[in-house]
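Enquirer: Here it is, the structure, as structure tokens.
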Amino acid sequence: MTGSDGDWRELVNLPNLLTASRFVMIGVFLWLFFAGMYYHALVMFALAGATDLLDGYFARKRGQITWLGKLLDPIADKLMVCAALAALAIRGWSPWWLLIVAAVKEALMMIGGLILLRRKVVIQSVPIGKAATVLFMLAIAATFFHERTHPIDFALQCLACAAAIAALARYAVLAWRVLKEG
């Protein structure tokens with residue numbers, strides 16, 4: 001398998017392995033959570049968040065940014081956040097609207113990304129998008145300490161939703177500009 005970055009061996013690097021490990025961590029997180037091992041699940045969630053930071057750091061530092069990493073990293077982020085929000089909502093620890101906002105935003109982003117990709121256009125992440133992911137992760141982690149919606153959790157959830165909507169709007173504006181310019 002070859003990509004625009006060259007030989008397939010270039011794709012097997014530390015950043016991409018860290019990203020791939022996050023997919024496994026999603027399954028482990030869900031298993032721990034629904035087995036009632038909530039603090040173990042929280043640790044797994046935190047580890048997944050750490051791999052998100054580390055994969056980007058190592059990719060930039062080592063010059064190992066690949067098309068595969070650009071594709072898998074945001075998918076892993078979206079799946080981790082949505083899986084955690086779904087688990088919390090199922091347990092009644094978090095409102096369903098939070099999952100719905102996150103899932104709709106991510107679905108629209110993926111559909112838009114696929115449309116742009118067909119036109120050979122990739123829009124890089126923007127700071128508000130990264131902020132939304134961080135705020136969702138903080139809101140999720142905070143909920144573990146309360147096992148229900150607490151005022152602090154609610155404030156973080158609202159901030160995460162606002163950032164997600166702002167990110168979606170920003171990406172839509174960028175996509176429109178790129179498509180309009182040809």
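The values are calculated or read from the model by the stated rules, or taken from the named source; none is laboratory data. Bear in mind that the values here come from a model prediction, so they are computed numbers and not experimental data. Counting neighbours? That spans all protein chains shown, and the Cβs are built from the backbone with ideal geometry, glycine included.
Enquirer: If you take the residues of the range 12-29 that are in a helix (DSSP H, G or I) and among the β-branched types (Val, Ile, Thr), which of them is surrounded by the most Cβ atoms within 10 Å (Cβ to Cβ)?
Expert: Thr19
Enquirer: Check whether at least one residue in the range 106-126 is buried (at least 16 other Cβ atoms within 10 Å of the Cβ) and acidic (Asp, Glu), and report yes or no.
Expert: yes
Enquirer: In the range 59-69, how many residues are at pLDDT 85 or above and under 18 Å from the mean Cα position of the chain (by Cα)?
Expert: Total meeting the criteria: 1.
Enquirer: Considering only the range 136-146, I want to know if a residue exists there that is free of Cβ contacts under 8 Å to residues at least 60 places away in the same chain and of a type outside the set (A, V, I, L, M, F, W, C).
Expert: yes
Enquirer: If a residue has to be farther than 19 Å from Phe145 by Cβ, touching a Leu at 6+ places or on another chain (Cβ under 7 Å) and either of a type outside the set (A, V, I, L, M, F, W, C) or free of Cβ contacts under 8 Å to residues at least 40 places away in the same chain (or both) to count, how many in the range 12-55 make the cut?
Expert: 5
Enquirer: Within the range 81-96, identify whether any single residue is in contact with a strand residue (DSSP E or B) (Cβ under 8 Å, 6 or more places away or on another chain) and farther than 25 Å from Tyr171 by Cα, and answer yes or no.
Expert: no
Enquirer: If you take the residues of the range 127-162 that are of a type outside the set (A, V, I, L, M, F, W, C) and farther than 30 Å from Leu174 by Cα, which of them is surrounded by the fewest Cβ atoms within 10 Å (Cβ to Cβ)?
Expert: Among those that are of a type outside the set (A, V, I, L, M, F, W, C) and farther than 30 Å from Leu174 by Cα, it is Pro151.
Enquirer: Also, I was wondering about something else. Please work out which one of (1) crowded, with 19+ Cβ neighbours inside 10 Å; (2) under 21 Å from Ala163 (Cα atoms) is the condition Ile100 fails and give its number.
Expert: Condition (1) is where Ile100 drops out.
Enquirer: Additional query: Among helices (runs of 4 or more DSSP H) lying entirely in the range 75-182, which contain 1 or more residues that are at pLDDT 90 or above and over 25 Å from Phe23 (Cα atoms)? Steps first, please.
Expert: Values: elements: 96-118, 127-144, 151-181.
Answer list for the range 75-182: 151-181.
Enquirer: Go through the range 30-42 and report how many residues are surrounded by 15 or more Cβ atoms within 10 Å (Cβ to Cβ) and not hydroxyl-bearing (Ser, Thr, Tyr).
Expert: Initially, the range 30-42 is screened for residues surrounded by 15 or more Cβ atoms within 10 Å (Cβ to Cβ), giving 30, 32-33, 38, 40-42.
Right, trim to not hydroxyl-bearing (Ser, Thr, Tyr) and you get 30, 32-33, 40-42.
Residues meeting the conditions: 6.
Enquirer: Of the residues in the range 66-78, how many are surrounded by 17 or more Cβ atoms within 10 Å (Cβ to Cβ) and closer than 18 Å to Lys130 by Cα?
Expert: Within the range 66-78, residues that are surrounded by 17 or more Cβ atoms within 10 Å (Cβ to Cβ) and closer than 18 Å to Lys130 by Cα number 7.
Enquirer: Can you say whether Leu47 is under 30 Å from Ala175 (Cα atoms), within 16 Å of the chain's Cα centre (by Cα) and of a type outside the set (Ser, Thr, Tyr), as far as the supplied structure shows?
Expert: Taking the combined requirement at face value, the residue does not satisfy it.
Enquirer: I'm told Val178 meets every condition in (1) surrounded by fewer than 18 Cβ atoms within 10 Å (Cβ to Cβ); (2) of a type outside the set (Lys, Arg); (3) touching a residue at least 40 places away in the same chain (Cβ under 8 Å); (4) closer than 19 Å to Ala46 by Cα except one. Can you identify the failing condition by its number?
Expert: Failed condition: (4).
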